[in-house]
Structure formats: C-alpha cells, structure tokens
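The values are calculated or read from the model by the stated rules, or taken from the named source; none is laboratory data. Keep in mind that what you see is a predicted model, and the values were worked out from it rather than measured. Using ideal geometry, Cβ is built from the backbone for each residue, glycine included, and neighbour counts are taken over all protein chains shown.
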Amino acid sequence: MRFDPEIVGAAADAIKKAERILIISHKNPDGDTIGSALACYEMLQNMGKTPHFFCHDVVPESFYFLPNSESVIHEFASADYDLVIMLDCAASYMSGVHESHVELFGGNFPLINIDHHPSNENFGKWNIVDIEAASTTIILTEIFEFLEWKITPKVATCLLTGLYTDTGSLKHSNASAEVHRGAAKLLMKGGRLRDIVKYVFKNTPIATLKLWGRVLKRISRTPEEITISWISDQDFADTGTSTNDLTGVVDYLNSVPDAQFSLLLTEVNGKVKGSLRTLREDVDLTEIAGKLGGGGHKKASGFTVPGKLQLDTRFHIFNENQIFDDKALANS
C-alpha cells in the first residue's frame, strides 16, 4: 500500500455521506479509465448510492461487455452531485471538462482524484496518486481491500480489465510480481479473464485493421532512431473509423528493434495527438511529452497540440556525374 491511509479514510467518509456521485473518465478512454470508472460505478451501486458515469467521448465497443458500460453520459451539471470521483486523469484537461466545469478543479469542490501518472496535477480535494502502480485499477483494488469493501465478480472484471490493458496483457515492463499477484487476486474474486481476452484483445473489426494497415504502411525511422508513423483526418473518413480504433497499434511501432522510442501522430479535428512508447530504460518519455504540454509515464506518454499534419517530402536524384537533392536545389 503506497497511499496515505488518512486521505483514503477521508475520501471514504465523503463517499459514505454522499448520495449522488459523478464518476469521470478521461478523454479518448482506454481500458484503465473505463475499468476504473465501471468498477466504482458497480461498487457504489452495491453501497446504495446513485452513481452517474461521465466520459467526454464514447466508450469503445470493445468494453461494452463490462457492466453498466451503456450508462455513460456526456453532459452534466456539477450542482447535481454531492461528490465527484475522477479516475486515471493526470491533468484537468484530460477530463474534457476543464473549461466547461472549472469549478471542479483547484481543491475546493468535493472531488476525489485517483491516478497513477507521475505527471498528475493533484487537482482534487482528496488526491490518491501512486506513480509506482501499473494501473489505476490496481490502486482501486488496494483501496477497496483496505476499506474492506467487497469486490464482487463484476467489480473484479472491471478492475482486471484496467490491469490487463495498461500492462499489455501482462507483457509490458510494468508487469511486476506485484501486478501478477494483483491479477491472481482478482481472478480468485471472479474476474472474467476470458471475456477480457475475447472482447479487448481478440476483437478487431475489418475497418480497424484497414486503419492499422495505413499506420504500418507509413512506418519510417529517423536518423535519431525514432520509429514514426501518422494518421490523418482523411484516413478516419476513408475507413469509417475513429481515434478509438487506434488503440493497440502503437505497440506494433514499438516492436521495431533498437529504436530509441516510437511515435504515432494522429490528426483529428484541428489537433495533432502524439502517442509515445519505448522499451528502453534510458529514455524518459515524460520529459519529451512534457515539452509539448503532455505527460504520462516514463515508457508511455502522450501530448496534444493544435494544428494539422503536413507531409514533408525529400528526394535525391542520382546520375553518373552529379547527385541532386531537394536541399541542394533549395540553396542554389
């Protein structure tokens, strides 16, 4: 347990006193933020509370098998709730409501912030942040056990989903012995691993594969040993997909041997999102992402900046006597 028991106790008291509780996931939701939110939703329902689950974006279809995934809302009024629980959000902007609901942030509103990102801004009234945890769902598992709140099979499945997705099905370097023990614990409590594997890891529509094909076709390697690819607004339109369909493809970029790190650039609605991954111990992606206003983990980070992608084409012409290239012509 790497959190302050007093803070957890105070947060638990706030939950016990509240009736209407809003749970918030981050934008472009992944398995950890969805699993955390729906685990809390199920737990609060079992406690007799009235929870609501907000996400700025739609829940990806791969998580529809989780209980209450259909209950997501996309609008709310802060005044309707006694308490807010924000999950897996390192920064206020990741919620998607940092401008429309500024009253939530700054420590005055009754907000519980539970997260595992080193770049967390501690914007809540109660901040439970463990940067060594592999997932937010691992933190929730420890909190529930500490408070002696019963983890039912439905709650366990939600928690296990976040653990498996944030560790690449226990294949990433953050899949420590602690993580394996946590997974075993959730399995013993009824977590449905087969469903997670079936719907999250073995469920890829043809449209998604076509989008991934474009990513893989464009892979290149820079002189700095960075593996890079990109996707544009037009690619989503052509394939009938969305940013949710990119989940997992960056891991293929990251499998190129001897790369410093991989970078997937995604153009969507006037912004460019960068997804960074590395397998190296001597590369800290939080520093790179931080320079562009982003953050995350040492080996998995991201950023979003306003703008559009512009293809920069280079060429060389060889003949028996001379070598021409675009740089030489530009300087002539």
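Some points to look at:
- Scanning the stretch 165-175 for any residue that is assigned by TED's automatic domain parsing to the domain that holds Asp30 and at pLDDT 95 or above turns up nothing.
- All positions within the stretch 120-136 that are assigned to a strand (DSSP E or B) and of a type outside the set (S, T, N, Q): Trp126, Ile128, Val129
- Screening Ser275 on (1) assigned to a helix (DSSP H, G or I); (2) buried (at least 18 other Cβ atoms within 10 Å of the Cβ) shows it passes everything except condition (1).
- Which numbered condition Phe63 fails, given (1) touching a Phe, Trp or Tyr at 6+ places or on another chain (Cβ under 9 Å); (2) over 28 Å from Thr208 (Cβ atoms); (3) in contact (Cβ under 8 Å) with a residue 60 or more places away in the chain; (4) not polar (S, T, N, Q): (2)
- Which listed residue, of Ser71, Ser78, is without any contact (Cβ under 8 Å) to a residue 60 or more places away in the chain, within 23 Å of Val102 (Cα to Cα) and hydroxyl-bearing (Ser, Thr, Tyr): Ser78
- Condition met for Leu211 (assigned to a helix (DSSP H, G or I), hydrophobic (A, V, I, L, M, F, W, C) and under 20 Å from the mean Cα position of the chain (by Cα)): yes
- Qualifying residue in the stretch 60-70 (condition: in the same structural domain as Asn113 (by TED's automatic domain parsing) and more than 19 Å from Tyr199 (Cα to Cα)): no
- Looking only at residues of the stretch 234-281 that are under 23 Å from Ser62 (Cα atoms) and of a type in the set (Phe, Trp, Tyr), we find that the one that is modelled with the lowest pLDDT is Tyr252.
- Of the helices (runs of 4 or more DSSP H) contained entirely in the stretch 147-205, those carrying at least 3 residues that are buried (at least 17 other Cβ atoms within 10 Å of the Cβ) and of a type outside the set (S, T, N, Q) fall at 153-166, 177-188.
- Within the stretch 51-72, considering residues that are surrounded by fewer than 16 Cβ atoms within 10 Å (Cβ to Cβ) and within 19 Å of the chain's Cα centre (by Cα), the one modelled with the lowest pLDDT: Glu61
- Restricting the stretch 93-106 to residues that are under 14 Å from the mean Cα position of the chain (by Cα) and farther than 22 Å from Thr50 by Cα, the residue that is surrounded by the most Cβ atoms within 10 Å (Cβ to Cβ): Met94
- When Ser78 is tested against (1) surrounded by fewer than 17 Cβ atoms within 10 Å (Cβ to Cβ); (2) touching a Gly at 6+ places or on another chain (Cβ under 8 Å), only condition (2) is not met.
- Test: residue in the stretch 252-269 that is under 23 Å from Gly213 (Cβ atoms), in a helix (DSSP H, G or I) and touching a residue at least 40 places away in the same chain (Cβ under 8 Å): yes
- Considering each residue of the stretch 214-233 in turn, at least one proves to be at pLDDT below 95 and in a helix (DSSP H, G or I).
- Residue check, Ile139 in a loop (DSSP other than H, G, I, E, B), assigned by TED's automatic domain parsing to the domain that holds Ala39 and at pLDDT 95 or above: no
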